[in-house]
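Written out below as structure tokens is the structure these notes cover.
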Amino acid sequence: MPAATASRKALRLRIGELAERTGRSADTIRWYERQGLLPPVPRQGAHRVYSKRHVEWLELMERLRRSGMSVAELRTYTALAQRGAATLEQTHAMLVAHRAKVEERIAEWRAARKLVDEKIAFYSEWMETGERPGRHSE
């Protein structure tokens, strides 16, 4: 089969293949499905058949989850996104609000890093001078 034809052929994965490709267990993928966090999965006989869309969607869900989006919010986002153009404004607003939360967390992490950097500098100075910084010998 020519490479161009092979590249146009749709990706068709069973759950074990999807699990291997995404680094998740089959149980986790089934949980995502039960939670409404995956687009509908067609069946071929008794088997679910996953596509590139499912691979990409699982990656998106993981990234959004790591950004602090709750499972309930992921469920809402998935439902909105599946409805397409009819929910563009709602989907956009949801992501704008989530981005604001992410920015707040980033600011908190930067403040935490600043504190850690200050403590590192404190202990570095103490090790270099042999005296605790901020104390003056009289």
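Suppose we filter 96, 102, 55 for residues that are under 19 Å from the mean Cα position of the chain (by Cα), in the same structural domain as residue 37 (by TED's automatic domain parsing) and β-branched (Val, Ile, Thr); which single one remains?
Every option except 55 fails the conditions.
Are any of the residues in segment 83-99 in contact (Cβ under 8 Å) with a residue 24 or more places away in the chain and surrounded by 15 or more Cβ atoms within 10 Å (Cβ to Cβ)?
yes
What is the number of the single condition among (1) farther than 20 Å from residue 11 by Cβ; (2) modelled with pLDDT of 95 or more that residue 34 does not meet?
All conditions are met except number (2).
Tell me the residue from 107, 79, 86 that is farther than 30 Å from residue 11 by Cα and either modelled with pLDDT of 95 or more or among the basic types (Lys, Arg) (or both), please.
None of the others qualify; the one that does is 107.
Would you pick out the residues in segment 27-51 that are more than 16 Å from the chain's Cα centre (by Cα), surrounded by 14 or more Cβ atoms within 10 Å (Cβ to Cβ) and of a type in the set (A, V, I, L, M)?
41, 49, listed by residue number.
Does segment 53-62 contain any residue that is without any contact (Cβ under 8 Å) to a residue 24 or more places away in the chain and either small (Gly, Ala, Ser) or in contact with a strand residue (DSSP E or B) (Cβ under 9 Å, 6 or more places away or on another chain) (or both)?
no
Out of the residues in segment 105-138 meeting the condition of being under 36 Å from the mean Cα position of the chain (by Cα) and among the aliphatic types (A, V, I, L, M), tell me which one is farthest from residue 70 (Cα to Cα).
Out of the qualifying residues, it is 121.
The values are calculated or read from the model by the stated rules, or taken from the named source; none is laboratory data. A quick note: this is a predicted structure, and the numbers were derived from the prediction, not measured. Please note: Cβ atoms are built from the backbone with ideal geometry, for glycine as well, and neighbour counts cover all protein chains shown.
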